[in-house]
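Engineer: Can you read through this structure? Questions will come right after.
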Amino acid sequence: MQGPPPPPQLRGNGFATAALVLGILALVFAFASAVAVAVLLGALALTFGLISLRRRTGRGLAGTIMGSAGLIIAIALGTISANSSDEPVDSSEQVVAEPEAGSSDGVVSVPGVTGKTVAEARAALDAAGFEVASPGAGSDDEVSKQSPAAGSSADAGSTVTLTAVSPAGSSVTNPAKAGTKFGMDSWGRPGDADPEYRIWFDGYNGNQPTTDSWDAPDTGMKYVTVVVHVEALEAGVHTGVETWDINLTDKHGKVYEETYLSGVEDIPSVTLGKGQSSSGRVAFEVPNDFDGGVLSFANATIFVRTN
């Protein structure tokens, strides 16, 4: 006796299989940011899945779901990417790389430092990013020239070379002008930081007459005089030492010492109270063609013109 025949086997559905495979591929390409490919594959998977569903196969449902998911995810990721690329960039948040010193992108303007002391010029150039060379110059010397020139362009980190001269009054070749006041201490030394008195020279007379035949100058010589002033900034300043070691240098570098001349009153030897002042005249015997020179005093550390 034969048993009942086996139930009929359903035939495979090619559309369902294609939908499932394409749906899986759509998801893979969607997460791989291949949006266009994922959309195409998702659309095909959805189409084949719907066809398969019409034929009532379970595999067609799975393909439809996978295709729909790939299509939706691809569209969503594509929309997010497009929006982010269209957003304006805030320039304030951009990070600009600093140019390296000496590179073509690191060209800056050279600040002007002429007229400053070497110490002041060095500080200004250091702040601007430059190296500084000042051969032979002291920190208190005044910058008379710079290279590169002020306002020119140079690489950051490059060297600016300074040419400097001693401050006015510090050398016989760069004397202070007549009438310049110098702060001094009680020992006749420069004391600008905390001076006890001030001294200055003016009133140059280029041909001082004599009142006594005994004082007649040598042949080819004459007398010149200058007025010296002392003003006490503290009580107890004695003026007797103020006219010591005053010399006169001509344009050829020859030095003439102070000389006594009758009728010419030297500064009196008195003690001054605070705010008091005294003055006198000092004389020098010089050649007839002498037309002004440089006075030196304070052990030849201060220099000032006669006129």
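Engineer: Mind putting a number on the dipole of the stretch 221-307 about its Cα centre? Charges go on the C-beta only, +1 for Lys and Arg and -1 for Asp and Glu, and I need it in Debye to the nearest 20.
Structural biologist: 160 debye
Engineer: In this model, which of K177/K222; K254/K274; K116/K274; K116/K254; K222/K274 are farther than 29 Å apart at the alpha-carbon?
Structural biologist: Values: K177/K222 23 Å; K254/K274 38 Å; K116/K274 34 Å; K116/K254 32 Å; K222/K274 38 Å.
Over 29 Å Cα-Cα: K254/K274; K116/K274; K116/K254; K222/K274.
Engineer: Further question: Could you state how much accessible area E120 has, in square angstrom rounded to the nearest 10, with a 1.4 Å probe and all protein chains kept in place?
Structural biologist: Its accessible surface works out to 100 Å², give or take rounding.
Engineer: Next question. Could you put R305, R198 in order of accessible surface area, largest first, with the 1.4 Å probe and the full protein assembly present?
Structural biologist: Listed by decreasing accessible area, they come as R305, R198.
Engineer: Same structure again: Over the heavy atoms of D289, what accessible area does a 1.4 Å probe trace out, to the nearest 10 Å²?
Structural biologist: Accessible area of D289: about 120 Å².
Engineer: Another question, if that's okay. Within the stretch 145-183, name every residue whose backbone N is under 15 Å away from a label modeled 7 Å from Cα of V255 along the Cβ vector.
Structural biologist: 171-173
Engineer: For W200, W214, give the ranking by accessible area with the largest first, probe 1.4 Å.
Structural biologist: Descending order: W214, W200.
Engineer: Which value, in Å² and to the nearest 10, is the accessible area of D291 when all protein chains are kept and the probe is 1.4 Å?
Structural biologist: 100 Å²
Engineer: Next question. Which net charge results when you count Lys and Arg as +1 and Asp and Glu as -1 among the other residues whose beta-carbon is under 15 Å from that of T173?
Structural biologist: On the way: positive: K177, K251, K254, R305; negative: D141, E142, D250.
In short, +1.
Engineer: So, one more: Label-point separation (nm) for V37 and A216, each offset 7 Å from Cα along Cα-to-Cβ?
Structural biologist: Spacing of the two 7 Å Cα→Cβ label points: 12.3 nm.
Engineer: Hey, got a sec? Which GluC sites (Glu not before Pro) in the stretch 195-259 land in a DSSP loop and have at most 16 other Cβ atoms within 10 Å?
Structural biologist: E234
Engineer: Using only the heavy atoms of the protein chains and a 1.4 Å probe, how would V113, V108 rank by accessible area, largest first?
Structural biologist: V108, V113
The values are calculated or read from the model by the stated rules, or taken from the named source; none is laboratory data. Nothing here was measured: the structure is a model prediction, and the numbers come from that model. Positions of Cβ are backbone-derived with ideal geometry, glycine not excepted, and every protein chain shown enters the neighbour counts. For the accessible areas, the whole protein counts, side chains as well, though only heavy atoms, and no ligand, DNA or RNA atoms are used. Shrake-Rupley method; radii C 1.70, N 1.55, O 1.52, S 1.80 Å.
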